[in-house]
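One structure is given here, and the rest of the page talks about it.
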Amino acid sequence: MVAARFIPRGSLIISESPLFTVHGDFTTLDKTAAAIEAKVSTLSAEQKAIFLALHNSQGSNMSTVVGIVKTNAHPLGVGARDCGIFPLCSRFNHSCASNASYTWVAASSKETIYAGKDIAVGEQITVNYLDESHLNQKRSDRRAALMRDFRFECSCNVCGASPREVAASDRRRLEIARLDGIIGGGMIVITNPPKCLQHCKDILRLYTEEGMNDDSLFKTYNDAFQVCIMHGDLARASAFATLAVSCLGAGDPTIDQVRPYVEHPERHQYAGMSNRWRTEKRLARKVGQNGFEKWLWERAG
């Protein structure tokens, strides 16, 4: 998939209904072969031709229809056991520093792909096939995961770089995983919020250096939001909520979980647990305002 025109960050690229859906673990679909065969048998001749035109990376390891589903299935939401086949969304290639991302919108029963960055005319539009745990591993591990599940060796801009650049990338991604693990442990948010906020700042810097300054940043901005809200800093909590929302496409359902806290951070369940950093929301500075970045991270240390 290549951009035929300039696509601004946050733009909806495609919204597509599934050809069909199937229940089961989409990483081990050979166990649900009968269900897949039954779904394919209900397709019209035209739909079946569209389905059979999709790539099968599994070769003779399993039947053709199961191989096509395993190669192209998209989970219907994070951690979902249901998956769908989307003839157009399936044709976006992978990159370890993608410029677009896909999201299942349950309300419309459609898979959507949004631009995570500005995409120039003629630039390939890429998405990420890996989950977060694999994406933040070194190149050899990412390639192994992609080879296992999709039967190709990644040669994206990150993986195809010089040995020196790959080594630097590996260090950044492993450090992101390490810092994220510390934050995810939970205790540091309570016992040492300045250090926790510093870890968030460092992760964001590493993501940007890695060229992953898209929706990958959402989780870290949301972590920073929770650090601030837990310790009563409503002003910075509002600012971090604003930044978190800005990382997502307009139709991403996750937005609705965070956007209310831009104006009303005090309504979050963790608000008021500590008054260590107590501020009022009215003191929040606007994103891009002179001195905003310095103010935003004043509590990090």
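Going residue by residue through the range 265-272, is there one that turns out to be among the aromatic types (Phe, Trp, Tyr), open to solvent by 50 Å² or more (accessible area, probe 1.4 Å) and not in a helix (DSSP H, G or I)? Within the range 265-272 (the criterion being among the aromatic types (Phe, Trp, Tyr), open to solvent by 50 Å² or more (accessible area, probe 1.4 Å) and not in a helix (DSSP H, G or I)), the answer is yes, since at least one residue qualifies. A search for C-beta distances below 8 Å between a residue of the range 204-226 that is in a loop (DSSP other than H, G, I, E, B) and any residue that is of a type in the set (Ser, Thr, Tyr), counting only pairs 6+ apart in sequence or on different chains, returns 210/169; 213/207; 214/98; 214/101; 215/101; 215/114; 216/207.
Criterion first (open to solvent by less than 60 Å² (accessible area, probe 1.4 Å) and closer than 16 Å to residue 128 by Cα) does residue 38 satisfy it? When the stated conditions are applied, residue 38 does not pass them. For the range 131-149, give me each residue that is among the aliphatic types (A, V, I, L, M) and either more than 18 Å from residue 71 (Cα to Cα) or open to solvent by less than 70 Å² (accessible area, probe 1.4 Å) (or both). Matches in the range 131-149: 135, 144, 145, 146. The number of residues in the range 162-176 that are touching a residue at least 40 places away in the same chain (Cβ under 8 Å) and among the small types (Gly, Ala, Ser) comes to 1.
Annotation: residue 257 fulfils all but one of (1) over 19 Å from residue 104 (Cα atoms); (2) without any contact (Cβ under 8 Å) to a residue 24 or more places away in the chain; (3) not hydroxyl-bearing (Ser, Thr, Tyr); the unmet one is (1). Of all residues in the range 150-180, those satisfying the criterion of being open to solvent by 50 Å² or more (accessible area, probe 1.4 Å), in a helix (DSSP H, G or I) and not aliphatic (A, V, I, L, M) are 163, 164, 165, 171, 172, 175, 178. One residue alone among 183, 188 is free of Cβ contacts under 8 Å to residues at least 12 places away in the same chain, under 27 Å from residue 239 (Cα atoms) and open to solvent by less than 60 Å² (accessible area, probe 1.4 Å), and that residue is 188.
Residues of the range 225-235 that are open to solvent by 10 Å² or more (accessible area, probe 1.4 Å) and out of contact with any Ser or Thr (no Cβ under 7 Å at 6 or more places or on another chain): 226 alone. Selection of first residues in the range 110-124 that are over 11 Å from residue 251 (Cα atoms) and of second residues that are among the aromatic types (Phe, Trp, Tyr) and surrounded by fewer than 15 Cβ atoms within 10 Å (Cβ to Cβ), restricted to Cβ pairs under 6 Å at least 6 apart or on distinct chains, gives the following pairs, ordered by first then second residue: 121/6. In the condition set (1) assigned to a loop (DSSP other than H, G, I, E, B); (2) under 29 Å from the mean Cα position of the chain (by Cα); (3) surrounded by 12 or more Cβ atoms within 10 Å (Cβ to Cβ); (4) among the charged types (D, E, K, R), residue 286 is compliant with all but (3). Scanning the range 81-93 for residues that are open to solvent by less than 30 Å² (accessible area, probe 1.4 Å) and over 20 Å from residue 247 (Cβ atoms) yields 83, 84, 85, 86, 87, 89, 90. Taking each residue of the range 229-251 that is within 15 Å of residue 219 (Cα to Cα) and looking for partners that are among the charged types (D, E, K, R) and surrounded by 21 or more Cβ atoms within 10 Å (Cβ to Cβ) with beta-carbon atoms closer than 7 Å, six or more apart or interchain, yields 247/214; 247/215; 248/215. Looking at the range 247-264 only, could you name the residues that are in a helix (DSSP H, G or I) and either at positive phi or surrounded by fewer than 16 Cβ atoms within 10 Å (Cβ to Cβ) (or both)? 256, 257, 260, 263, listed by residue number. What residue, of 214, 202, 141, 170, is closer than 23 Å to residue 292 by Cβ, at pLDDT 95 or above and among the acidic types (Asp, Glu)? It is 202.
The values are calculated or read from the model by the stated rules, or taken from the named source; none is laboratory data. Computed from a predicted structure; not experimentally measured. Virtual Cβ from ideal backbone geometry, glycine too; neighbours counted across all protein chains shown. These area figures cover heavy atoms from the full protein model, side chains too; ligands, DNA and RNA do not enter into them. Shrake-Rupley method; radii C 1.70, N 1.55, O 1.52, S 1.80 Å.
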